[in-house]
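Only one structure is covered here, and it is reproduced in the block below.
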Amino acid sequence: MPAINGKSSTSRYRNALPQLKGGIFLTDAGIETDLIFNREIPIKAFAAHTLLPDEKGRAALTDYYLGFLSLAQQMNTGFILDGQTWKAHAHWADDLGEDINTIEAANRDSIAYIADLREMRAQKNQHPIVLNASLGPRGDAYAPDYQISVKEAEDYHAQQVNWLATTAVDMLTAATFTQSEEAIGAVRAAQKAEIPIAISFTVETDGLLPTGQSLADAIDQVDRETNSQAIYFMINCAHPDHFPNDLSDRNLRDRNWAKRIKGIRCNASRMSHAELDNCETLDAGNPSELAQQYQEIYARMPWLNIFGGCCGSDLRHVTEIARSILPDPGT
């Protein structure tokens, strides 16, 4: 296996993100659940960046990502390549036993690592590979117990955003966010750092954000209070059965908030967040059934162009999803 040496390159797509011009882009899946349950690679505090300093952990990450990059090559699609930064921020320092300097270094190492992966695949993947860094929420995304203000969120996320802005990363995604106010703060921090950001909300089994706000209202609020500065919205860490009923409407073309959603990364399991948080075994669901649900969502929302997986999903699921929306590579 080729070595990933930690060298970085300058940002390639930050000022002209290719997915904004159309075309299908795949992502990876539930990296933590796949590595922990399918590959028996322990991950400290569910923080994937802790694998980077370890030779075995780094090799497992490389093997994981190469599978998805090969799929994108086979399916003739672009790919959004995530860094392992979802928990690489100050809130988790005590749980991880890391100081702030170590966490900052982890962000830089993560982006250098995926930049090297992109270079490794440069001759094989003919469509763009976009380097993305995930920002996780402050607190537990599965059991949020902390209401954060817009200003507090902006100040908090600015630290990690500013670290990442000096790397080769092309964009950020605020992933598994549960509060519109926190999303607004993250967008404002990214705007000041002049780096594009997408917002990916999660919903509970009732289709609402954990705060009780509807997805439609959350998207509208973020756009209203940031002058629509988020490049797009996504939904992640929820099964399609848990999506808002509004997204079953055949007239979604007339709803501006729905048109702002460009990507989905669903859980393989129908379990609630609370059930998943307490589950000691992997519920991988049914890859073929999940792919069929993606196909149905895509039929209602043909403007979607970013597809991947989240908790419980792996390469099998994303392969089936890609085949369901792209029956013939290159279409």
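Any read-out appearing in this document is the output of simple, stated calculations on the displayed coordinates, not a laboratory observation. Keep in mind it's a predicted model, so treat the numbers as computed, not measured. Using ideal geometry, Cβ is built from the backbone for each residue, glycine included, and neighbour counts are taken over all protein chains shown.
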In µm²/s, what is D for segment 1-149 at 20 °C and 1.002 mPa s, where D = kT/(6 pi eta Rh) by Stokes-Einstein and Rh is the Kirkwood radius from Cα pairs?
-> 132
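Arrange Ile219, Ile199 by Cβ neighbour counts within 10 Å, fewest through most, would you?
Working: Ile219 25, Ile199 30.
Going from least to most buried by this count: Ile219, Ile199.
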Which far-off residues, 5 or more places away or on another chain, put their amide H under 5 Å from the one on Asn125, with H placed in the peptide plane?
-> none
Give the calculated FRET efficiency between Gln229 and Ala16 to the nearest 0.05, with a Förster radius of 22 Å applied to their Cβ-Cβ distance.
-> 0.85
Report, in deg cm²/dmol and to the nearest 500, the calculated mean residue ellipticity at 222 nm for the chain, where each DSSP H run with n ≥ 4 adds -39500 (n - 2.57) and the sum is divided by the residue count.
-> -11500 deg cm²/dmol
Only loop residues by DSSP count here, and only those with at most 13 other Cβ atoms within 10 Å; note down the trypsin sites (Lys or Arg not before Pro) in segment 27-68 that meet that.
-> Arg39
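Determine the sum of side-chain charges near Gln19: Lys and Arg each +1, Asp and Glu each -1, restricted to other residues whose C-beta is under 12 angstrom from that of Gln19. Each step should come with its number before you reach the end.
Working: positive: Lys21, Lys262; negative: Asp170.
Summing Lys/Arg as +1 and Asp/Glu as -1 gives +1.
Relative contact order for segment 267-318: what is it in percent, counting Cα pairs under 8 Å that are at least 6 residues apart? Can you show the working numbers first?
Values: 40 pairs, mean separation 27.9, N = 52.
Answer for segment 267-318 is 54 percent.
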Debye sum, Cα scatterers, segment 14-95, no solvent: what log₁₀ I/I(0) at q = 0.14, 0.15 1/Å?
-> -0.57, -0.64
Could you work out, for segment 196-274, what percent of all Cα-Cα pairs fall into each 10 Å distance bin, beginning at 0 Å and stopping at the bin that holds the largest distance?
-> 19, 53, 26, 2
With DSSP loop assignment and no more than 14 other C-beta atoms within 10 Å, the GluC sites (Glu not before Pro) in segment 249-331 are Glu280
Give the label of the value calculated from the structure for Rg/Rh (Cα atoms, Kirkwood Rh), choosing from (i) 0.97; (ii) 1.03; (iii) 0.92.
-> (iii)
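Exactly which GluC sites (Glu not before Pro) in segment 140-227 are in a DSSP loop and have at most 13 other Cβ atoms within 10 Å? Show your work: numbers first, answer last.
Values: sites: Glu152, Glu154, Glu181, Glu182, Glu194, Glu204, Glu225; in loops: Glu194, Glu204.
For GluC sites (Glu not before Pro) across segment 140-227 that sit outside H, G, I, E and B with at most 13 neighbouring Cβ atoms in 10 Å, the list reads Glu194.
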